[in-house]
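The values are calculated or read from the model by the stated rules, or taken from the named source; none is laboratory data. As the structure is a computational prediction, the values presented were derived from the model and not from experiment. FYI the Cβ positions are ideal-geometry reconstructions off the backbone, even for glycines, and counts take in every protein chain you see. In case anyone asks, the SASA skips ligands and DNA or RNA and just uses the protein heavy atoms, side chains included. Shrake-Rupley method; radii C 1.70, N 1.55, O 1.52, S 1.80 Å.
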Amino acid sequence: QVQLVESGGGLVQAGGSLRLSCAPAVTLFRVDAMGWYHQAPGKQRELVATITSGGTTNYVDAVNGRFTISRDNAKNTVNLQMNSLKPEDTGVYYCHAEGKATPLAPVWQYWGQGTQVTVSS
């Protein structure tokens, strides 16, 4: 079952930019933290950036200053603007959200299916 839907991946040359977007495929009652994860070929999925419902952001050192995460609380969407891309940024990017489907539902971890980003040197 698709929970979050990502878009915006693709092929870009080193130094270029891409903007990833993510929207819920289902209606969510409440969304708390949202974020993006990166899985490089042959490696484990790793956190890239997070943003709270209040707008507080956090980045891993490797992307700090190059990537910007943002969200629209009214639509429960999250974006990742990626600038100055490097070949090591290549991989699948996954959208993540923590929230509740209904007022009485437990807090759940929602994931997208991933979008491929390829940065050529």
Rounded to the nearest 0.05, what FRET efficiency do Gln113 and Ala40 have when you use their Cβ-Cβ distance and R0 = 22 Å?
0.80
³J(HN,Hα) across region 17-33 via Karplus (A = 6.51, B = -1.76, C = 1.60, θ = phi - 60°), whole Hz, x for Gly/Pro?
10, 9, 10, 9, 10, 8, 9, x, 8, 10, 6, 10, 6, 8, 10, 9, 6
Among Val5, Gln44, Gln81, flag the residue with its Cα farthest along the positive direction of the charge dipole of the chain, charges on Cβ as +1 for Lys/Arg and -1 for Asp/Glu.
Val5
Just to compare against my own numbers: the Cα pair-distance distribution for the chain, 10 Å bins, whole % per bin, please.
14, 48, 29, 8, 1
At a 1.4 Å probe radius, carbon and sulfur cover how many percent of the accessible area of region 1-88?
46
When ligands, DNA and RNA are left out and all protein chains stay put, how many square angstrom of accessible area per residue does the chain have with a 1.4 Å probe?
53
